[in-house]
Structures are given as structure tokens and as C-alpha cells.
1. Answer yes or no as to whether residue 71 is under 19 Å from the mean Cα position of the chain (by Cα), without any contact (Cβ under 8 Å) to a residue 24 or more places away in the chain and over 27 Å from residue 155 (Cβ atoms).
2. Checking the conditions here, which among 10, 33 is under 18 Å from residue 88 (Cα atoms), of a type outside the set (Phe, Trp, Tyr) and out of contact with any Asp or Glu (no Cβ under 6 Å at 6 or more places or on another chain)?
3. Among what's in the range 26-67 and is of a type in the set (Lys, Arg) and out of contact with any Gly (no Cβ under 8 Å at 6 or more places or on another chain), pick the residue that is nearest to residue 114 (Cα to Cα).
4. Answer yes if at least one residue in the range 195-210 is among the polar types (S, T, N, Q) and surrounded by fewer than 16 Cβ atoms within 10 Å (Cβ to Cβ), and no otherwise.
5. What are the residues in the range 108-121 that are in a strand (DSSP E or B) and either in contact with an Asp or Glu (Cβ under 8 Å, 6 or more places away or on another chain) or over 23 Å from residue 213 (Cα atoms) (or both), if any?
6. From (1) modelled with pLDDT under 95; (2) assigned to a strand (DSSP E or B), pick out the condition that doesn't hold for residue 39.
7. Checking the condition in contact with a Phe, Trp or Tyr (Cβ under 7 Å, 6 or more places away or on another chain) and surrounded by fewer than 16 Cβ atoms within 10 Å (Cβ to Cβ), which residue from 222, 216 passes?
8. So, in the range 94-127, exactly how many residues are among the hydroxyl-bearing types (Ser, Thr, Tyr) and surrounded by fewer than 14 Cβ atoms within 10 Å (Cβ to Cβ)?
Amino acid sequence: MRGFSQNNTVHQSLYWLRYYNQTQLSPKYTLHVEVDERRFFNPDLQSQLFSHAHLHRKILKIFDVGVGFTQANTNSNKNNNLVVPEWRLFQEVSFTQLLVKKIQGQLRYRVEERYIHNNNVLELMEGYNFILRHRFRVQFVLPLKKFKSGRSFILKFSDEIMLNSTANVKAFDQNRIYGGIEWQFSKKWSGELGYLNQYQSAPANDFDRGIIRYTLYHRLSLVKNN
């Protein structure tokens with residue numbers, strides 16, 4: 001995808017901090033709530049702030065569907081005082097299957113209806129711009145070590161491509177390649193540290209971002225004897 005772009009490429013370094021809560025409401029339904037703070041390394045400024053809420057229903061042992069809502073604020077690269085709001089609705093399906101030995105594979109397709117506040121880079125304008133985006137992710141999960149205490153290390157690798165299907169918008173949006181290690185230090189809590197390479201296409205410039213991401217997972221259950 002990168003070779004087809006005629007834009008200049010801007011290189012950036014960021015770190016993302018994410019809190020991810022998963023609450024099992026019943027044997028079939030799970031509520032996911034995320035807060036994602038994204039910041040530049042130098043200078044240490046906020047790039048974006050995301051909040052997500054999505055409800056998932058397990059259809060089969062390997063098949064899951066979900067619907068959700070996202071609210072995001074993006075700081076302008078050209079005007080530090082401009083914050084661009086965005087609202088999203090999204091739907092997704094995922095398939096999870098145990099592959100060779102202990103490696104687990106997952107395929108996820110998510111479609112997003114994005115409403116981005118109109119702006120002229122300097123200030124917000126009336127109305128919203130609609131973009132329909134499709135996200136395709138493949139992920140592999142491999143348990144590395146499990147201790148008697150229940151603690152464990154898990155290796156993760158994923159690749160996700162995002163494509164737009166709205167007229168007058170570039171078809172290629174971005175590609176994300178990620179690798180990380182999750183440390184499950186209790187039944188309810190775990191931390192994950194990883195590196196993400198994000199290549200994103202924009203009207204004026206393309207962005208090649210190196211990102212350090214830390215996720216704090218918090219898992220709860222309202223199901224008895226679970």
C-alpha cells in the first residue's frame with residue numbers, strides 16, 4: 001500500500017496508554033469499555049483521546065458478534081487549540097480457533113460509521129463529515145509461560161488493514177502491525193506492553209508512526225461460579 005502513495009511521509013513517535021475493562025454479564029454477553037490516551041513523545045502532547053463501549057454476544061465457541069459506540073477527540077497537527085470531535089458506531093464479527101499446538105488465531109471484521117466534525121484546520125465548522133470504514137484484523141496468540149500461582153505470559157501478534165468505501169475519500173486508510181506481551185498477574189488484572197507500527201494515509205501527508213502501547217486489562221464477571 002505504501003508504494004502507491006505520492007504524498008510525503010511524516011515520521012512520528014508516540015505512546016498509547018489504555019484501560020480496558022471486560023465485564024461478563026451472562027454466559028453469552030460481555031460488555032467492553034475502553035479509555036485510550038494517545039500522546040507524542042517529544043514534545044509530550046496529547047494526540048487523541050478515545051472512549052469505546054461495545055457489547056458482545058458469543059454465538060458459538062469460536063464465533064462472536066458485537067456492536068459499539070466510540071467518542072474521540074483529535075488534536076490538530078497545525079493548530080494546538082483545535083480539537084476535532086468524532087463519533088462512531090461500529091459492528092463486528094470475530095472467529096477464534098486453536099491452530100497448531102498452543103497458537104490461537106483470530107479473524108475480526110469491523111465496520112465503522114464515522115462522523116467527523118467539519119473543520120478547516122484552523123477552527124470547527126458546522127456539520128459532520130461521514131466516512132464508512134472497514135477494518136480487517138488477523139491476530140495470533142501464544143501462551144509463553146504459566147506459573148503455579150496462575151500468573152502467565154502471553155505473546156501476541158496482529159496485522160490490521162483499514163479501508164474506506166465512501167466516495168471522495170481515499171480507499172486506503174491505514175495499516176497496523178503489532179507485537180506485544182501480556183502479563184496476567186491475577187485473575188482480574190493483566191498488563192500488556194507492545195510495539196505498534198501505524199502507517200496512515202492522509203490528504204496532504206502520509207504518517208509512519210512508531211508507537212509504544214501499554215494496556216491495563218481489568219476483567220470482571222457477574223456470572224455466579226465463574
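1. Details: under 19 Å from the mean Cα position of the chain (by Cα): yes; without any contact (Cβ under 8 Å) to a residue 24 or more places away in the chain: yes; over 27 Å from residue 155 (Cβ atoms): yes.
It is true that residue 71 is under 19 Å from the mean Cα position of the chain (by Cα), without any contact (Cβ under 8 Å) to a residue 24 or more places away in the chain and over 27 Å from residue 155 (Cβ atoms).
2. The conditions single out 33.
3. Pass one, the range 26-67, residues of a type in the set (Lys, Arg): 28, 38-39, 57-58, 61.
Going one step further and asking which of them are out of contact with any Gly (no Cβ under 8 Å at 6 or more places or on another chain), we end up with 28, 38-39, 58, 61.
Values: 28: 28, 38: 19, 39: 22, 58: 25, 61: 30 Å.
The selected residue is 38.
4. Just the residues of the range 195-210 that are among the polar types (S, T, N, Q), to begin with: 197-198, 200-201, 205.
Applying the additional criterion that residues be surrounded by fewer than 16 Cβ atoms within 10 Å (Cβ to Cβ) yields 197, 205.
Yes.
5. 108, 109, 110, 111, 113, 114, 115, 116, 117, 118, 119
6. (1)
7. Values: 222 fails: in contact with a Phe, Trp or Tyr (Cβ under 7 Å, 6 or more places away or on another chain).
Exactly one residue qualifies, and that residue is 216.
8. Keep residues of the range 94-127 that are among the hydroxyl-bearing types (Ser, Thr, Tyr), which gives 94, 96, 109, 115.
Now restrict to residues that are surrounded by fewer than 14 Cβ atoms within 10 Å (Cβ to Cβ): 109.
Residues in the range 94-127 being among the hydroxyl-bearing types (Ser, Thr, Tyr) and surrounded by fewer than 14 Cβ atoms within 10 Å (Cβ to Cβ): 1 in total.
The values are calculated or read from the model by the stated rules, or taken from the named source; none is laboratory data. This is a predicted model, so every value here is computed, not measured. Note: ideal-geometry Cβ built from the backbone for every residue, glycine included; neighbour counts use all protein chains shown.
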